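A short worksheet on the structure shown next.
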Amino acid sequence: MVLPEVTSQFRKRPYHRQKAHLILYALRSRARDERVTLVSLDNYRELAGVEGLSHAITPTTRPMLKLAHSLNLELEPLRGFCSTSADWESYVHGKKPKLEDFYRQSRRRLDLLMNAGEPAGGAWNFDAENRVPPPKEGIGVESHWIPQEDDLDVEVRAELDELERTGVRFLGNDGPRQFAASAKEASAALEHFLEHRLDLFGPYEDAMDYRDWTMSHSLLSVPMNLGLLDPIEVVKKAESAFRAGKARLSSVEGFIRQIAGWRDYVFHLYWHFGEEYTKHNYLEADEQLPEWLSNADPEQLEAKCLSDAVSNVRDYGWAHHIQRLMVLGNHALQRGYNPQQTNDWFIDAFVDGTSWVMPANVIGMTLYADGGAMSTKPYAAGGAYINRMSNYCSDCPFDPKKRLGEDACPFTAGYWNFMNKNQEKLKGNFRMSNALSSLRRLSDVGEVVAQEAKRNSF
Ligand SMILES: Cc1cc2nc3c(=O)[nH]c(=O)nc-3n(C[C@H](O)[C@H](O)[C@H](O)COP(=O)(O)OP(=O)(O)OC[C@H]3O[C@@H](n4cnc5c(N)ncnc54)[C@H](O)[C@@H]3O)c2cc1C
Ligand code: SF4
C-alpha cells in the first residue's frame, strides 16, 4: 500500500499548526505497518510515477476522485462512513433530503438501538432531556483521553518548525497533542469515552462553560475523519454501552444521531448538492473576515463567548459544536461574512476540517447561503440563547438583554440588525414569521441598525 505525503499542501493554505501535526503523525504512524510505503511527493499528480499503482480506496473529495480517475485507478469501496452512496440513493431518490428520515433509515438498516423494529425507549429522539445548561459546579465529567506524545511527535514537530523557517505560515498555537492520531490511539480514546464520558454526553451536548473546553464531547471527529476509526464500530460500541447499563439512552441516542445521522448526512450532501454549492450566497453576504478571526487571535475580543471560542481554536484547533454553530457561526451569519471565506476558514482552522464536511455545515446550516436547501431557517440567535446555554454572560462587559447602548450585546443587537437587513429574503419563510413580526414591533430598530453599522470591535 502506498501513502502519499504531500507537505506542499501546507503552502497552499494556512493550516492550523496542530492540524498539520495530526495529518503528518497519522500518515507516518500508519507507515510503520510493513505493508505500507510512505512516498513523499511535491504534488499528488506525481502519483502517476509510482510504479505498480493500480487501485485506490474511493476518495472522499472531488479533487481526489478526479485524480484517481485521471490515473485510471480502480476504485475500492468507500470506507469511513456508516452508509454507502447506494444507501443514500435508496433513501433520497428525488425527494428533498431530511436528516430525520435519513437517520431513521440508517438506524433500521444497521439495527441500531432497535427493539423488534421499534426504536429503543419508544422514541427516535430524546432532545428534551439533552438541553441542560452548564451547572455552577461544572459537569464533573472525567477528562478527555490525552495521548502520550512519542518520538514521532518530536520528529513531526521538528519538521513543522523547519517548514515555518522556510516561510510556511501556520494558524494557531502549537501545543501538546490532544487528539488520537493512530489506529491504536483511536481505539484507546474510544474506549475511554465510552467508559467515562458517554453517559453525560446527552444532557450537556449543547452546554458551554468557559472553564471546560471539551465538556462531555468525544473528540473522535479527528480519528474518524483521518480514517483511523470506523464509525460503525463507534456507534455499535455506544449501543453496547447502553445495553450494558453503562450509559443512559438519551446520551447514546444523541451520540449515535451525530455519527450515523449528521456525519453521514453532511457527507452525502457534499456530493448531492454538487460542485457549485459552495458558490451560493443567498443573503448576499460580502463582508471580509476580520483579522482576529482569520488569524484566530482572541486578544482584542471583549465578548466572552467569542473570545472563549476563538481561544479554543487558537489553542487546540477545535471548539465544540455549539461554539461552532451558535457562537462563531452565528456571529459570521449576523455580520454577513462572505460564505466562501468563512467555509475556507473553518476548513483551515479546525483540526477535523475537511472539504466534504464543511459545505453543508457552513454554507448550508450555519450561513443559510443556499437559501434553505439544507436548513429550514437561519440559525440566527441573540444573546438570550447563549446566556441560557453557557456561563459566559456573567463574565462579559456586554449585557445579553440589551440591544442598545454601550453595553448592548453584539449578538442581541446583531440579531435584530440581521433580521432587519434580510427581512425581504426571509419573509416568504413561515418559520421566520414570528421573528419578523417581532421586528416590526420594535420601536428602536433604526437606532440598533445605526449602532451596529458603527461597531468595529466585539
Ligand atoms: C460551523 C461548523 C463547522 C463544523 N466543522 C466540522 C469539521 O470541520 N469537521 C467535523 O468532523 N465536524 C464539523 N462540524 C460538526 C461538529 O461540530 C464536530 O464534528 C464536532 O464538534 C467534533 O467534536 P467531537 O468529535 O467531540 O464531537 P461530538 O460532539 O462528540 O460528536 C460525535 C461525532 O459526531 C459527528 N458529528 C456531529 N455533528 C456533525 C456534523 N454537523 N457534521 C459532521 N459530523 C458531525 C462528528 O464526527 C463527531 O465526532 C462542524 C459543525 C459546524 C456547525
Ligand atoms: S453578553 Fe453577549 S457577547 Fe457577552 S457573552 Fe453573553 S452573548 Fe456573548
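Scanning the range 293-330 for residues that are more than 14 Å from ligand 1 (Cβ to nearest atom), part of a helix (DSSP H, G or I) and free of Cβ contacts under 8 Å to residues at least 24 places away in the same chain yields 307, 311. Among the residues making up the range 75-97, those that are more than 30 Å from residue 1 (Cα to Cα) and either modelled with pLDDT of 95 or more or not basic (Lys, Arg) (or both) are 89, 90, 91, 92, 93, 94, 97.
Determine whether the range 170-183 contains at least one residue that is open to solvent by 60 Å² or more (accessible area, probe 1.4 Å) and over 22 Å from the mean Cα position of the chain (by Cα). There is no residue in the range 170-183 that is open to solvent by 60 Å² or more (accessible area, probe 1.4 Å) and over 22 Å from the mean Cα position of the chain (by Cα). Taken over the range 191-202, residues that are open to solvent by less than 10 Å² (accessible area, probe 1.4 Å) and either out of contact with any helix residue (DSSP H, G or I) (no Cβ under 6 Å at 6 or more places or on another chain) or over 25 Å from residue 245 (Cβ atoms) (or both) amount to 2. Specify the residue that is farthest from residue 16 (Cα to Cα); the eligible residues are those in the range 145-162 that are open to solvent by 20 Å² or more (accessible area, probe 1.4 Å) and touching a residue at least 12 places away in the same chain (Cβ under 8 Å). Only one residue tops the list, namely 145. For residue 266, are the conditions met, namely being open to solvent by less than 10 Å² (accessible area, probe 1.4 Å) and over 19 Å from the mean Cα position of the chain (by Cα)? For residue 266, the condition - open to solvent by less than 10 Å² (accessible area, probe 1.4 Å) and over 19 Å from the mean Cα position of the chain (by Cα) - is not met. Checking each residue in the range 331-346 for being of a type outside the set (Asp, Glu) and touching a residue at least 60 places away in the same chain (Cβ under 8 Å) picks out 331, 333, 334, 335, 336, 339, 340, 343.
Once the range 344-391 is narrowed to residues that are within 16 Å of ligand 2 (Cβ to nearest atom) and in contact with a Leu (Cβ under 9 Å, 6 or more places away or on another chain), the residue that is most open to solvent (accessible area, probe 1.4 Å) is 379. Among the residues of the range 345-378, which ones are over 15 Å from the mean Cα position of the chain (by Cα) and farther than 14 Å from residue 272 by Cβ? Once the filter is applied, which keeps residues that are over 15 Å from the mean Cα position of the chain (by Cα) and farther than 14 Å from residue 272 by Cβ, the range 345-378 yields 368, 369, 371, 372, 375, 376, 377, 378. Could you list, in sequence order, all residues of the range 423-443 that are surrounded by 14 or more Cβ atoms within 10 Å (Cβ to Cβ) and not charged (D, E, K, R)? Those that are surrounded by 14 or more Cβ atoms within 10 Å (Cβ to Cβ) and not charged (D, E, K, R): 423, 426, 429, 432, 435, 436, 439, 442.
Consider residue 350 carefully, then state whether it is within 9 Å of ligand 1 (Cβ to nearest atom), closer than 30 Å to residue 428 by Cβ and in contact with a Lys or Arg (Cβ under 8 Å, 6 or more places away or on another chain). Criteria not met by residue 350.
On the given criteria, is residue 335 of a type in the set (Lys, Arg), within 27 Å of residue 61 (Cα to Cα), at pLDDT 95 or above and surrounded by 19 or more Cβ atoms within 10 Å (Cβ to Cβ)? For residue 335, the condition - of a type in the set (Lys, Arg), within 27 Å of residue 61 (Cα to Cα), at pLDDT 95 or above and surrounded by 19 or more Cβ atoms within 10 Å (Cβ to Cβ) - is not met. Residues in the range 64-88 that are within 15 Å of residue 274 (Cα to Cα) and touching a residue at least 60 places away in the same chain (Cβ under 8 Å): 85, 88. Every listed requirement among (1) within 9 Å of ligand 1 (Cβ to nearest atom); (2) under 22 Å from residue 205 (Cβ atoms); (3) of a type outside the set (Ser, Thr, Tyr) is met by residue 364 save one, (1). What single numbered condition from (1) within 16 Å of ligand 2 (Cβ to nearest atom); (2) of a type in the set (Asp, Glu); (3) more than 27 Å from residue 144 (Cα to Cα) fails to hold for residue 206? Here residue 206 meets the rest and fails (3). Residues that are of a type in the set (Gly, Ala, Ser) and touching a strand residue (DSSP E or B) at 6+ places or on another chain (Cβ under 6 Å) are absent from the range 356-376 altogether.
Scanning the range 275-300 for residues that are out of contact with any Pro (no Cβ under 8 Å at 6 or more places or on another chain) and open to solvent by 20 Å² or more (accessible area, probe 1.4 Å) yields a total of 16. Open to solvent by 30 Å² or more (accessible area, probe 1.4 Å), more than 16 Å from ligand 1 (Cβ to nearest atom), part of a loop (DSSP other than H, G, I, E, B) and small (Gly, Ala, Ser): does that describe residue 446? No; evaluated as a whole, the condition is false for this residue.
The values are calculated or read from the model by the stated rules, or taken from the named source; none is laboratory data. Bear in mind that the values here come from a model prediction, so they are computed numbers and not experimental data. Using ideal geometry, Cβ is built from the backbone for each residue, glycine included, and neighbour counts are taken over all protein chains shown. Surface accessibility is based on the protein's heavy atoms, side chains included, excluding ligands, DNA and RNA. Shrake-Rupley method; radii C 1.70, N 1.55, O 1.52, S 1.80 Å.
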